[in-house]
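Take a look at the structure below.
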Amino acid sequence: MRRNITRIMLSAALLAASGVPLMAQETEKPVADMLDVKFNADGTAEDVSPMKNAVETVGENMSTYYNDGFGFVVANFANTWGAGNSSGYRVDYEQNEDFKSKLADGHTLEVVLMADYPTGADVDEVKPFSSMERGGTGFLIKRSRGSVMTFLPNVSANGSSKWNWCTSSISPRQKIYYHFVGVWNQEEGKAYIYGNGKLMNTIATDKVFCFAADGSKWFCIGGDPGGSSVQAGWRGDVAVARVYSDPLTGEQAEALWEDAKGGVNSANTLVYRKGVEEARAYVEADGFIAYANDIAAFKAQLDEMDRLIDAGDFEALEAGQDSLAILRAALETSAAAYNAYRDEVNSTREYLDNNKDFEGEARDYLEDYLESDETPGETYTNGGALYILGNMQLNVEQIKAETESVKQMLKNAIENSVKSGVEVTNLFTNADFTDGFKGWEGKAMTKAMKSSTTGFTAAECWAKNCDMHQTLTKRNNGVYVLAVNGAYRPYDDRYSTYYAAQVYLNGNSLYLPTAYETYIPLAEAKDGENCYITDTGKDDGAVDYEIFDGQGASTDLIGYAIHGCTSMANAAAAGRAQNYLVTLVNDSTLTLGVRNENTVPGQDWVGISNIHVTYYETLKDAEAYIDKTLECMAARAQGIINFLPSTGADYAQHPGCPQELKDKLEEAVKAIATSTTPEQKYALVQTFSTLFEQVLEARKAYVSMVDEAMVIYNIAQKLDEAKLLTPEEYNTAMDKYNTVLTIYENGSYTTEQARNLSIFKDSGFYPELVDGEYQISTNAQLLYFAEKATKGVKGKLLADIANFTGAQMIGQFRGILNGNGHKVTLNIERTEDNAAFIASMEAGAEVHNLVIEGTVKTTKKYAASVASAAQENTLISQVSSSVDIVTETPGDGTQGGLVGFVNGYTRIENCLFSGSIKGTGTSDVGGLVGWSDKASKISNCLQIATFDLDTKGCNTIARNPGKSAAINTYFKNALGDIAGTQVTDEQLASGEICYLLNHGDTENPVWHQTIGTDPHPVLDATHQTVGKTKDGAFTNDKASFHTEEEPAEPKADLLDVVFDTDGTARDISPMQNEVILLGEAPTVAYNETYKRNVATFDNELSGNGKSAYKIDYENNQKMKDALTDGHSLEAIVMVRYEGTIKSAEMKPFSSMEAGGTGFLIGKKDKGSMLTFLPNVSTSGGNTWRWATSGVVPESGKYYHIIGVYDEANAKARVYLDGKLCNEIAAPGIFRLANSGCRWFAIGGDPGAKDAIQAAWNGDVVLA
């Protein structure tokens, strides 16, 4: 209904505000008859419209003040921009039926406001004058809609919630005032928004107004109603807030602007003038420095702004403000650069004043430069420092380069002018670890931490190798001395005296002493000063280790050993674990580092602190520190000489060492006493350093020697148990083993002899290694390979392996075994879990081209023929197993024909299980896989075994089928639940299944079968290839093979939907799926461009839809198998939206619910791009593969999109308009949508009980 309320009068609000018509003018303009808020000086507000609504305050974070520009009181809100629990004014209309009826049949809102948001604000919604909560009307700024002022009435066809985004093009500037009018005309079915008197946008709407939710039917000035609180809070001013019952015309909206314009412009004049004054104060402040050209340009723009303010040219002022902001950013950048230069000059002056321990030409030049006002020339390219600071003629890049030049001049002065005896630690970056490991290169330690009691910082490396270092170049040649506190705890053994961790200077290295060697006696311990006994709660908590008498044999506490970072820092503060090392530099290069190269660092600890490096001109100058270095080295040498090796289980922690190296160390220790000159002493430092390196390598070789001996020992025991060795062969192996242990203990082998181990070469246990692959012909060689396979090696069978017993089982297998078509005969009897050829296939392991037969007998779980367990990314391919698994396991056996338990993504490809699983008391067994805890992908496999089991909990292919995919996989005899496709003896014998297993490939077939001889397909290339004749029969006669030609254009064989003009739809693919209409029929019309009918959906975009098509495949096994085996989706779509695309998921053609596949436009965090999204997982869980197109769809534009899930190559691809946009990895198995949602939706995405979610608004041409 239209109400004519236009009359000649003055603004009621302005008259009431000031008592006189300050900004009102006699003109035809509307009067706000529903709400006209006047703000009072005491912070209250009142409605001066005819309705006289009560105006209440909510919260206290607001105030009012007299605004000189407007000439009346305005409201200021100090809310956090966009926050909840904000403050504002409340005008309730919940019980005001007259107010509601006038809103419902068309209305106008007017607001004058100023936004005072923080720079870089990242809030999605802010509302200055609003009544919106699941309905209503008002103004807002929404970041995801372009951060422009928007009028947002909620209007739909049926009264349900539907927001109508009438966006302006105005993104309010900080602290600038604007006048906005929003109009909803019910009669026209349109919404309008005006900014500063100009029409900014018009949109079509429906005609039924949807009110805000109960409890939120009130207008908020300063935010938005959220029940009784204020949400989406406004920060800034509101001068005018009015509601009109009439949907105003453009002329009337312009009249409102003419009434407000004087006040808005006056207020903005004050804002602009204040901004210019503040900018002048900034650039003219005492001590302000920046590039002179930037200063001049900025001041010139300030002068221009003054001129524009005086002229009242507000449009030009907006552009001028933009220019000023750009110039201000440039000025701030150059000011920062000049300040950095000035700071560097001052700090360099201070450093030179405080450090007189170096001299020379470089220092003299630098000092002159710092005090010079000389102009640019030969002496100083850019002038002296005083000239540069006084004239500011260098641009940003030049002044930055000049700053770096000052740093380099100081570095040169120090490096080339250091006096003998001067510390140079400061030349290294972060040598004290106060900034973690910044500046250090290589393999870093674990962490650094400062002690709260001593202030020292220590670095530690825990449970890993490390080698971190720094290198200085262009150094003074001469002697450098390293003083560092550091200790080492091997294998977390507080009593060990084994060395591996080192500090080094160039080629010289020193072992760090052990924690045991550096423990502090009980009587000397001072907690928090020289040790860390009690956890302070502020430090790392790794308190000192207690040391007991007799290396732990007694309970008498005798001291404390260094443990963690704080412990090391406190020890360093007291001078404990002090180490010295020297090096002589001749090439101007110095490298400082710390490393631990222990071969088994799993529980090693290394700690260092308090690094100091000092320069000496000659060896004579540094002689005292060479003596200290030799003292440290002699102590380490004696530790190595006294160290006792072990041949027990802990041999790797107590390694042997060649006696010849110990002898050389002893000679070096004795030589210290007879070395009298600095040169002789330094030569000894080099000798010790070389011997230390040789000891480390020798110990590694000795450990490897015993590793190998243990392999031979284990093989001999297993073969003896299986009666595959004669007594003589067994005794010979044991003799060799014992000989090696004796060598290990007495150190009679050199390092090279320990590496070569010729003693074992003639044992017959060693397979030949050819091109990195072990050539295996005997049980002994297979066992050797099994032991080595834990280290990632490869092996190939050259002969059949008989009598492979439980004692010979391969444990953790990480390599690749190529059966080479040979056979392994199992004879395994086991009363423990995991009876199989391999106990566990570790990550990345492969077994292929292998025949397995024989028997596996078990009384426990996880028995199988190939592997009891399979870990991440393992592969079993072309394995033919006829093993008989005999189980006496009561109840749950979790046994499988090929694999017992899948614990990581596992692929089983082209495999045959034709054996049996028998045990009438055993249940929960899988025909191929006992249990898939993670994803198992079983493809092109055949299961024709026999079973005699309790079928409870069993599965024909793999248990836990939700995490397993049986692709092109067949079985003869069912076992419990069904997976795969059941076949008959006739199909097996005819060649049909062989042909299907090969996918019809007759060029490179994996499966073979001699029809008429073989009762089923086999994995033996000596048998014949199966092809198909033109009339569909299967044959071995290659001359009769018929290959169907691929169609020139692919045909949709699973689904091909056409839309009919009555709103229904049909599937014209060979599947002939039923297409069901859900909800209202979309509009269907013929499209001339595409020459076909197009469905147009009018759903709320991304919301709950009111119309879609449903194609159910819940019980269509063929469709499910085809999707799992790889598929392609095709669609032509067009989306409709206004302004900026919203951050939400919207789906035109989809079957996604915790799994599935389809197309969508993703949220902002996914780039709002057209995307193909199949769910493919290596864990068997829910993993979406985001094949994004890189294209954010434009509203109203059509796109042709194809999504390909290439199962064979583990890829997902997306094509847009014929071009490949993206290809991503998609390993794993395809996960179907949840049960109940296994249907394709056109126009949205399936939800439970036929709900339509992530709905589409726009067209679908093809699906």
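Couple of notes before you dig in:
- Elements of type strands (runs of 3 or more DSSP E) contained in segment 1067-1149, each with 1 or more residues being surrounded by 18 or more Cβ atoms within 10 Å (Cβ to Cβ), in contact with a Pro (Cβ under 8 Å, 6 or more places away or on another chain) and assigned by TED's automatic domain parsing to the domain that holds Gly1180: 1092-1098, 1107-1112, 1127-1135
- Residue among Ile641, Ile562, Ile611 that alone is closer than 30 Å to Val685 by Cβ, surrounded by fewer than 19 Cβ atoms within 10 Å (Cβ to Cβ) and in contact with an Asp or Glu (Cβ under 8 Å, 6 or more places away or on another chain): Ile641
- Residue list for segment 851-862, restricted to those being part of a loop (DSSP other than H, G, I, E, B) and surrounded by 21 or more Cβ atoms within 10 Å (Cβ to Cβ): Lys861, Tyr862
- Test for Asn596: is it buried (at least 21 other Cβ atoms within 10 Å of the Cβ) and over 26 Å from Glu667 (Cβ atoms): yes
- Scanning segment 993-1010 for residues that are surrounded by fewer than 17 Cβ atoms within 10 Å (Cβ to Cβ) and either in a strand (DSSP E or B) or not charged (D, E, K, R) (or both) turns up His999, Gly1000, Thr1002, Asn1004, Thr1010.
Per-residue answers, yes or no, for (1) of a type outside the set (Asp, Glu); (2) under 39 Å from the mean Cα position of the chain (by Cα); (3) under 24 Å from Gly819 (Cα atoms); (4) part of a loop (DSSP other than H, G, I, E, B):
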residue	(1), (2), (3), (4)
Ala864	yes, yes, yes, yes
Ala869	yes, yes, yes, no
Gln878	yes, yes, yes, no
Thr889	yes, no, no, yes
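- Among helices (runs of 4 or more DSSP H) entirely within segment 727-800, having at least 2 residues that are over 30 Å from Leu644 (Cα atoms) singles out 727-746, 779-788.
- Checking every residue in segment 164-172 against the condition of being closer than 20 Å to Lys1142 by Cα, in a strand (DSSP E or B) and assigned by TED's automatic domain parsing to the domain that holds Gln252 gives at least one match.
- For Glu332, the conditions (1) within 49 Å of the chain's Cα centre (by Cα); (2) crowded, with 18+ Cβ neighbours inside 10 Å are fulfilled apart from (2).
- With a requirement of 2 or more residues that are small (Gly, Ala, Ser) and under 38 Å from the mean Cα position of the chain (by Cα), the strands (runs of 3 or more DSSP E) lying completely within segment 400-488 that satisfy it span 457-462.
- Pick from segment 1208-1226, criterion more than 12 Å from Arg1185 (Cβ to Cβ) and under 25 Å from the mean Cα position of the chain (by Cα), ranking: surrounded by the fewest Cβ atoms within 10 Å (Cβ to Cβ): Asn1209
- Meets criteria (β-branched (Val, Ile, Thr), surrounded by fewer than 15 Cβ atoms within 10 Å (Cβ to Cβ) and not in a strand (DSSP E or B)) for Thr1025: no
- Residue satisfying all of: in segment 933-957; more than 20 Å from Ser916 (Cα to Cα) and of a type in the set (Gly, Ala, Ser); surrounded by the most Cβ atoms within 10 Å (Cβ to Cβ) among these: Ser936
- Number of the condition not met by Asp42 [criteria: (1) modelled with pLDDT of 95 or more; (2) surrounded by 21 or more Cβ atoms within 10 Å (Cβ to Cβ)]: (2)
- Enumeration of residues in segment 90-99 that are of a type outside the set (Lys, Arg) and either surrounded by fewer than 20 Cβ atoms within 10 Å (Cβ to Cβ) or outside any loop (DSSP other than H, G, I, E, B) (or both): Val91, Asp92, Glu94, Gln95, Asn96, Glu97, Asp98, Phe99
- Of all residues in segment 867-879, those satisfying the criterion of being surrounded by 24 or more Cβ atoms within 10 Å (Cβ to Cβ) and touching a Gly at 6+ places or on another chain (Cβ under 9 Å) are Ala867, Ser868, Ala869, Ala870, Thr874, Val879.
- In segment 1195-1206, the count of residues that are without any contact (Cβ under 8 Å) to a residue 60 or more places away in the chain and within 24 Å of Ala870 (Cβ to Cβ) is zero.
- In segment 77-89, the residues that are buried (at least 21 other Cβ atoms within 10 Å of the Cβ) and either over 43 Å from the mean Cα position of the chain (by Cα) or not in a loop (DSSP other than H, G, I, E, B) (or both): Phe77, Ser86, Gly88, Tyr89
- Among strands (runs of 3 or more DSSP E) entirely within segment 895-966, having at least 3 residues that are under 17 Å from Thr874 (Cβ atoms) and in contact with a Gly (Cβ under 9 Å, 6 or more places away or on another chain) singles out 899-902, 929-932, 936-939.
- Every condition in (1) among the hydrophobic types (A, V, I, L, M, F, W, C); (2) closer than 30 Å to Ala1233 by Cβ; (3) crowded, with 20+ Cβ neighbours inside 10 Å is met by Val983 except one, and the failing one is (3).
- When Leu630 is tested against (1) of a type outside the set (Lys, Arg); (2) in contact (Cβ under 8 Å) with a residue 60 or more places away in the chain; (3) buried (at least 18 other Cβ atoms within 10 Å of the Cβ), only condition (2) is not met.
- Between Lys450, Lys438, Lys419, the distinction of being closer than 26 Å to Ala542 by Cβ, of a type in the set (D, E, K, R) and touching a residue at least 24 places away in the same chain (Cβ under 8 Å) belongs to Lys450 only.
- Flag if Val503 is outside the structural domain of Pro678 (by TED's automatic domain parsing), under 21 Å from Tyr625 (Cβ atoms), β-branched (Val, Ile, Thr) and more than 38 Å from the chain's Cα centre (by Cα): no
- When Gly1032 is tested against the conditions (1) outside the structural domain of Thr1010 (by TED's automatic domain parsing); (2) exposed (fewer than 13 other Cβ atoms within 10 Å of the Cβ); (3) at pLDDT 90 or above; (4) assigned to a loop (DSSP other than H, G, I, E, B), the lone failure is (1).
- Taking the listed residues Ala698, Ala709, the one that is under 45 Å from the mean Cα position of the chain (by Cα), more than 21 Å from Tyr784 (Cβ to Cβ) and touching a residue at least 24 places away in the same chain (Cβ under 8 Å) is Ala698, with no other qualifying.
- Segment 771-803: number of residues that are of a type in the set (Phe, Trp, Tyr) and either closer than 16 Å to Met841 by Cβ or not assigned by TED's automatic domain parsing to the domain that holds Leu850 (or both): 1
- The number of residues in segment 670-686 that are in contact with a Leu (Cβ under 8 Å, 6 or more places away or on another chain) and part of a helix (DSSP H, G or I) comes to 8.
The values are calculated or read from the model by the stated rules, or taken from the named source; none is laboratory data. All figures in this text were calculated on a predicted structure; none of them were measured in a lab. Every residue, glycine as well, gets a Cβ built from its backbone with ideal geometry; the counts of neighbours run over all protein chains shown.
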